[in-house]
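Written below as structure tokens is the structure these notes are about.
None of the figures in this text is laboratory data; all of them are computed from the coordinates on show. Predicted model only: the values in this text are computed from it and were never measured. For neighbour counting, all protein chains shown are included, and Cβ atoms are generated from backbone atoms with ideal geometry for every residue, glycine included.
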């Protein structure tokens with residue numbers, strides 16, 4: 001899958017895209033991540049990409065022209081418009097289910113806002129979907145973009161060692177993940193649950209399912225309610 005990230009700070013995207021799981025997937029050609037500097041497309045002689053908001057108010061607003069010209073350069077001569085996402089606290093909350101749907105795309109363009117946001121006219125022109133990673137505000141859209149790319153990429157075939165690496169995780173099936181343990185068998189007088197040492201796979205799976213349901217009821221009752229509504 002190809003990600004084109006339109007940003008004022010490409011170094012932030014590059015840092016995340018070059019490390020750990022994403023970095024290895026990128027090296028193997030499973031995912032392609034391109035950080036494109038919006039500032040390279042401004043026509044302002046001072047290299048500005050923002051201006052004061054009409055109607056007054058604090059802060060600055062990113063202008064249409066550099067964003068749109070950057071977008072046109074990114075899209076190039078593509079036969080069809082790539083799905084374009086704006087990272088915004090006003091967007092729909094990112095969920096594992098939505099990330100799974102997006103992982104089926106061959107390409108996505110991600111726009112990172114800054115300052116007080118982006119001129120609404122260019123958003124109306126190019127954006128297909130706004131996504132938020134939580135009910136809070138960050139300085140810019142780069143960190144949310146990295147979160148989105150990571151969340152999507154790990155469900156693409158070949159990025160992780162196998163589907164078991166993510167299908168049993170929290171949120172994939174609407175439940176939180178069961179507790180995990182490793183050596184030693186006893187640590188600070190706390191033993192590993194006996195069922196995990198039994199070698200009885202059916203009992204282990206039953207225990208894990210029970211633990212997932214119990215943790216979800218205790219920590220995230222909203223997930224149980226949402227699961228029952230579907």
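Among 139, 42, 84, determine the one that fluctuates most according to a GNM of the chain built with springs between C-alpha atoms less than 10 Å apart. Comparing 139, 42, 84 in a Gaussian network model of the chain, the most mobile one is 139. For the stretch 2-153, averaging the sequence separation of C-alpha pairs within contact (under 8 Å, six or more residues apart) and dividing by the residue count gives a relative contact order of 30 percent. Under a Gaussian network description of the chain, with springs only between Cα atoms under 10 Å, the residue in 87, 214, 155 that fluctuates furthest is 214. Each of 187, 207 was scored by other Cβ atoms within 10 Å of its Cβ. Arranged with the fewest first, they read 187, 207.
Distance between the modelled labels on residue 48 and residue 198, one decimal in nanometres: 7.0 nm (7 Å Cα→Cβ projection). Let me know the shape class of the stretch 58-113, please: from the alpha-carbon gyration tensor, a ≥ b ≥ c as square roots of the eigenvalues, rounded when a/c is under 1.5, otherwise prolate if a/b is greater than b/c, or oblate. Since a/c reaches 1.5 but b/c is at least a/b, the shape of the stretch 58-113 is classed as oblate.
In the stretch 71-230, what percentage of the DSSP-assigned beta bridges are antiparallel, given to the nearest 5? If we restrict to bridges inside the stretch 71-230, about 25 percent are antiparallel. Taking a point 7 Å out from the Cα of residue 40 in the direction of its Cβ, the residues of the stretch 124-148 whose backbone N falls within less than 18 Å of it are 142.
Stokes-Einstein diffusion for the stretch 2-153, with the hydrodynamic radius set to the Kirkwood value over Cα pairs and evaluated at 25 °C in a medium of 0.890 mPa s, equals 156 µm²/s. The C-alpha atoms of the chain define a longest principal axis, and helix 201-219 lies at about 50 degrees to it. Within the stretch 168-229, the proportion of Cα pairs with more than 17 Å between them is 47 percent. Rounded to the nearest 500, the 222 nm mean residue ellipticity of the chain from helices alone is -11000 deg cm²/dmol, with -39,500 (n - 2.57) taken per DSSP H run of at least 4 residues.
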